[in-house]
Amino acid sequence: MAKKNSPVIWQVSFQNLEKAAYNYLKRYSSSSENLKRVLLKRVFRAQKVQPFDWDVTNNWIEEIVEKLKTIGIIDDKEFADRKAVIFNNQGNSTLMIRKKLENKGVEKKLIDESIKNLEKQIVDPDFTAAIRFLERRKMGPYRHPNNRSEYRDKDLRSMARAGFAYSVAKQLLEVESIKDLHFIKSQIDIHNNN
C-alpha cells in the first residue's frame, strides 16, 4: 500500500499523454512545438520509474499534437499573432518578440507574419513598446528630475539590451515629463485607431 504523501507514479501511455496535453491546454495557450516539449518533459520524468520505448512515445506525442491541430485546438499562427500583441503591450521590442516566439517553438515564417500583422495594427510597435518599457522600468521621465542625467547612459544601455533602436531610446529618454510622454502615446493611439 502506498503512503499518503508519496507521489503518484505517472504511467506513460497514449491516454495519459493525451490527458496531459488537454490539461496543459486548459491552463495555457501553446504552440505545437511547445506542447511537444511539455509532453516530452513529462515522459522524461516518468522514465525514472518506468521503462518505455522512446520511438513509440514520440509517435504518440506527434499523433496527439496532429490531432489537436486538426481539431483546431492548437493553431500556431493564431498563437503567434496573439502572443506578439501581448508581448508588445508588455513593452517588448519586435526583436524581443521574435526571440520569445522562437523560444516557444514558433516557425520563423509564422513569426515574420505575426510581426507584419502587428505592424498593420500598430503604426510603430517598437515606439509604443518602448514607452511601455519606460513605464514598467520607471526610466526616463519616470525618474526623479534630479537623478535623470545620472541614469541616462544606464537607461540607454538597458533599452539597447531590450532590443530598442538607439534613436527611439534617445528620443524617449529626452522627453521632459510624464505628461509629455502620455501625450505622445495618446497621439500614437489616435493614429492606430484610424
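The values are calculated or read from the model by the stated rules, or taken from the named source; none is laboratory data. Computed from a predicted structure; not experimentally measured. Heads up, the Cβs are rebuilt from the backbone with ideal geometry, glycines too, and the neighbour counts pull from every protein chain shown. With ligands, DNA and RNA removed, areas are computed over all heavy atoms of the protein, side chains included. Shrake-Rupley method; radii C 1.70, N 1.55, O 1.52, S 1.80 Å.
The table for this structure:
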| item | result |
| --- | --- |
| Candidates 116, 179, filtered to the one that is open to solvent by 60 Å² or more (accessible area, probe 1.4 Å) and over 19 Å from the mean Cα position of the chain (by Cα) | 179 |
| Residue in segment 69-79 that is of a type in the set (Lys, Arg), without any contact (Cβ under 8 Å) to a residue 60 or more places away in the chain and surrounded by fewer than 13 Cβ atoms within 10 Å (Cβ to Cβ) present | no |
| Residue within segment 120-136 that is open to solvent by 80 Å² or more (accessible area, probe 1.4 Å), touching a residue at least 12 places away in the same chain (Cβ under 8 Å) and charged (D, E, K, R) present | yes |
| Tally of residues being open to solvent by 30 Å² or more (accessible area, probe 1.4 Å), at pLDDT 90 or above and not in a helix (DSSP H, G or I) across segment 1-55 | 2 |
| Tally of residues being touching a Leu at 6+ places or on another chain (Cβ under 8 Å) and modelled with pLDDT of 85 or more across segment 165-194 | 6 |
